Amino acid sequence: MRVSGCKTSPRSGILTIVTASALSLLFVLGLAHASTVLTNSAGKTSGPAREEPFFESHQTYNTKIEKEVREIRVEFARGGEEKVFFLVNGFYPPRRIALEGDRPRIACDFYGARLGKGIGRCIKVNGRLIQQIRTAVHQGENPKVRVVLDLVPGKNYEVEQIFYKKDNLYVITVKEERADH
């Protein structure tokens, strides 16, 4: 089920966002899903990053329960898809930012979280679509874990995201956009 989608026009480089009203139904069902299409304009850099609030609710942070990104792993699926799995210790989907241009990237911000033991600063993927995954911990007023997926330049991407609430698993699927879009 698609809840919200973003598409980039190959000619204009403008990101438009469409949101459906089914968000509350998905929270009741425990499943949240969204989709984005990234377009890389050869030779052009795009404007500033476009933030896509990923079901940002008025969450209160319980200081007794510490949020943690426990594991990040990559799987190569049929059809050329590359999937990144984030195992977390609760239901707190990240805020996702799509960065276009000569260095296309997808950034995921997990606010109030820490990075689990054993997760390195750079995870080499060397995939057909995802080059590497970088992680960083940002301190300060609004602490967060930022995870950045560095994508291969010169391609048009379709990106889907889903959060499996029961399993505390957030998944990003990256595939090359089909020519018929």
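The values are calculated or read from the model by the stated rules, or taken from the named source; none is laboratory data. What you see is a predicted model, and the numbers here were worked out from it, not measured in a lab. A quick note on method: Cβ atoms are made from the backbone with ideal geometry, for glycine too, and the neighbour counts reach across all protein chains shown.
Couple of notes before you dig in:
- Where Y157 falls short, out of the listed (1) out of contact with any Leu (no Cβ under 8 Å at 6 or more places or on another chain); (2) modelled with pLDDT under 95: (1)
- Any chance R121 is charged (D, E, K, R) and surrounded by 12 or more Cβ atoms within 10 Å (Cβ to Cβ): no
- Looking at segment 102-148, none of the strands (runs of 3 or more DSSP E) lying wholly inside it contains 3 or more residues that are of a type in the set (D, E) and without any contact (Cβ under 8 Å) to a residue 60 or more places away in the chain.
- Test: residue in segment 157-165 that is in contact with a Pro (Cβ under 6 Å, 6 or more places away or on another chain) and under 15 Å from I72 (Cα atoms): yes
- The listed residues are A113, A179, A136, and the only one of them that is touching a strand residue (DSSP E or B) at 6+ places or on another chain (Cβ under 7 Å), surrounded by fewer than 19 Cβ atoms within 10 Å (Cβ to Cβ) and of a type in the set (G, A, S) turns out to be A136.
- Going through (1) small (G, A, S); (2) touching a Pro at 6+ places or on another chain (Cβ under 9 Å); (3) surrounded by 12 or more Cβ atoms within 10 Å (Cβ to Cβ); (4) modelled with pLDDT under 90 one by one, A42 falls short only on (3).
- If you check K166, K175 for being over 20 Å from R95 (Cβ atoms), part of a loop (DSSP other than H, G, I, E, B), touching a residue at least 40 places away in the same chain (Cβ under 8 Å) and of a type outside the set (D, E), only one passes: K166.
- Answer residue from segment 66-85, given it is within 15 Å of K144 (Cα to Cα) and either touching a Leu at 6+ places or on another chain (Cβ under 8 Å) or hydrophobic (A, V, I, L, M, F, W, C) (or both) and is surrounded by the fewest Cβ atoms within 10 Å (Cβ to Cβ) among those: R70
- Pick from segment 163-176, criterion buried (at least 18 other Cβ atoms within 10 Å of the Cβ) and of a type in the set (A, V, I, L, M), ranking: nearest to F110 (Cα to Cα): I172
- Number of residues in segment 137-162 that are out of contact with any His (no Cβ under 8 Å at 6 or more places or on another chain) and over 27 Å from E176 (Cβ atoms): the value is 7.
- Of all residues in segment 92-103 being buried (at least 16 other Cβ atoms within 10 Å of the Cβ) and out of contact with any Phe, Trp or Tyr (no Cβ under 7 Å at 6 or more places or on another chain), the one that is nearest to V147 (Cα to Cα): I97
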